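Read the structure below first, then the notes.
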Amino acid sequence: MLARIKAEPELKEIPVVVLTSSDAEHDIVKSYQLGANCYVTKPVGLVAFQSIVQAIEGFWFTVVKLP
């Protein structure tokens, strides 16, 4: 799905954050090869998960300058 998104001219500039339970190196490398802009491993607990999601939101919507 990531490769398809990045192959579409109308969609390819949309930042894609991969949020996954995998911390396997091959998954990380493959995600970036396919065009992921960020790879985040989900924490186990709900509070930690919410914190990560808020950090991602804060970064992409307040720090990053997008076209």
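Every number here is computed from the coordinates shown, using simple stated rules; none is lab data. Remember, it's a predicted structure, so these values are computed and weren't measured experimentally. No Cβ is skipped: glycine too gets one built from the backbone with ideal geometry, and neighbour counts run over all protein chains shown.
Checking each residue in segment 26-53 for being in contact with a Pro (Cβ under 8 Å, 6 or more places away or on another chain) and among the aromatic types (Phe, Trp, Tyr) picks out only Phe49.
Which of the residues that make up segment 33-56 are outside any helix (DSSP H, G or I), of a type in the set (A, V, I, L, M) and in contact with a strand residue (DSSP E or B) (Cβ under 7 Å, 6 or more places away or on another chain)? Result: Ala36, Val40.
Please go through segment 1-32 and give me each residue that is among the charged types (D, E, K, R), part of a helix (DSSP H, G or I) and surrounded by fewer than 13 Cβ atoms within 10 Å (Cβ to Cβ), ordered by number. Even if it seems obvious, please write down each step before you answer.
Start the filter on segment 1-32 by keeping residues that are among the charged types (D, E, K, R), which leaves 4, 6, 8, 10, 12-13, 23, 25, 27, 30.
Within this subset, residues satisfying the condition of being part of a helix (DSSP H, G or I) are 4, 6, 25, 27, 30.
Listed by number, the residues that qualify are Arg4, Glu25.
Exactly one residue out of Val47, Val53 is among the β-branched types (Val, Ile, Thr), over 10 Å from the mean Cα position of the chain (by Cα) and surrounded by fewer than 13 Cβ atoms within 10 Å (Cβ to Cβ), and it is Val47.
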